[in-house]
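Structure first, then comments.
The values are calculated or read from the model by the stated rules, or taken from the named source; none is laboratory data. Predicted model only: the values in this text are computed from it and were never measured. Counting neighbours? That spans all protein chains shown, and the Cβs are built from the backbone with ideal geometry, glycine included.
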Amino acid sequence: MSTTTAPRNRYARRDARIRRRRAVTYALLGLGLLVMAAPFLWMALSAFKTEQELSASPPRWVPREWTLDNFRTLLDLLDAPLYFFNSTVVAVCVTLCNLLFCSMLGYALAKLNFAGKKLVFGIVMAALMVPGNLMLMPKFVMMSKLGLIDTYAALILPFAAGAFGVFLMRQFMSSVPDELLEAARVDGAREWYIFWRIVIPQVKPALATLSIFVFLGSWNNFLWPLVATNDADKYTLPVALATFATDPTKADGSNGVLMAGAFLVVLPVLVVFILLQRYFTQSIATAGLK
C-alpha cells in the first residue's frame, strides 16, 4: 500500500508546486500589466470626466457622469480634423515608403551578390548606432537647402527608409530558401517578380512588424515636425496638441480637454496594433525559431 501511495504523493506535491509557481508567475505578470496600463487607462477615462471629477480628492478612476464635453471643446478650440489629416498623411506615407524601400534593400542584401555588399551592410549597421537626434540638424539643413520646409515632403522624405527596417527585412529574407529563388530564375522569372511574388509573401509577419514600429514612430514624432514646420496648417497632431496645451488663451488649464487630445493621439496607434497584432505575434515566434 505504501509503495503505491508514495509515488502518488510525490506527483501530487510536484503538481502543487507547479500550480503555485504558475499562480505566482501570473500574479507578477498581471501586476506588471497593471503598472504599464494604468497611465493609459487613467488618460482614457479622464477624457470622459468633468472638471469637477478630475479635481476630486481622492481621485476617481471611473467617471460617475460620462461626458463628451472635453471632445467638443477640443474640436471648437483646435482644428483637430486638419491636424489629424496631416498626421495620417505623414504616418501612412512614411510607413509605405519604409515597407517598399527597406524590403527592396533587405532583399538585395540577403539574396543578391553585388560589389560592395558587405560595405553597404556595414553602413546600415553603423547607422543603427547613430542617435536619431544627432541627425536633426543635418536633416534640417538639407530640407532647407531644397526649399522643402513647411511641406509634407519635409516631414516624409527624411524618414522614407530606416536602418532598422533594412536590417529587419534582411534578417527575415535570409530565411527564405535560396533553392526556391533559383528554381524561379531557371523558369525565367525576373528579379522583380521573384521579389514581389515569392519573397514578399514569405515575410508578411516582418512587414507587419515594421508597419507597427514605423507608423507608431511617425505618428508620435514630435521634435522633427516641430522643427520642420513653421506654418500651423502643416502641424501634426502631437505638435498641435503641445502648442494648444501651452497656449493659456485656449487650453485655460483644462486637464479634461488635454486628456481628450491625448486620447485622440493614441487611438490610431491602438487601432493599427490591433489590426496587425496577429502578424506581429507571428513574427516574434518566427524570430525565436531562427
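Structure data summary
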read-out: Residues satisfying the stated conditions in segment 125-158, i.e. free of Cβ contacts under 8 Å to residues at least 12 places away in the same chain and of a type in the set (D, E, K, R); value: LYS145
read-out: Unmet criterion (only one of (1) touching a residue at least 24 places away in the same chain (Cβ under 8 Å); (2) exposed (fewer than 15 other Cβ atoms within 10 Å of the Cβ)) for MET169; value: (2)
read-out: From GLY261, GLY188, residue being of a type outside the set (A, V, I, L, M, F, W, C), assigned by TED's automatic domain parsing to the domain that holds LEU77 and exposed (fewer than 15 other Cβ atoms within 10 Å of the Cβ); value: GLY188
read-out: Members of segment 132-166 found to be charged (D, E, K, R) and surrounded by 13 or more Cβ atoms within 10 Å (Cβ to Cβ), listed by number; value: LYS139, ASP150
read-out: Among (1) in a helix (DSSP H, G or I); (2) at pLDDT below 70 - the single one LEU275 does not satisfy; value: (2)
read-out: Test: residue in segment 76-86 that is on the phi < 0 side of the Ramachandran plot and surrounded by fewer than 12 Cβ atoms within 10 Å (Cβ to Cβ); value: yes
read-out: The lone exception for ALA115 - which of (1) surrounded by 13 or more Cβ atoms within 10 Å (Cβ to Cβ); (2) modelled with pLDDT under 90; (3) not polar (S, T, N, Q) it fails; value: (1)
read-out: Filter result (exposed (fewer than 15 other Cβ atoms within 10 Å of the Cβ) and either at pLDDT 90 or above or part of a helix (DSSP H, G or I) (or both)) within segment 63-74; value: ARG72
read-out: Pair list, Cβ under 8 Å, 6 or more apart: segment 198-225 residue within 26 Å of PHE85 (Cβ to Cβ) and β-branched (Val, Ile, Thr), other residue modelled with pLDDT under 90 and in a loop (DSSP other than H, G, I, E, B); value: VAL214/GLY162
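Yes/no matrix, rows are residues, columns are (1) closer than 27 Å to THR243 by Cβ; (2) assigned by TED's automatic domain parsing to the domain that holds PHE167; (3) more than 28 Å from the chain's Cα centre (by Cα):
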position	(1), (2), (3)
GLU53	yes, no, yes
SER57	no, no, yes
PRO63	no, no, yes
LEU77	yes, yes, yes
LEU105	no, yes, no
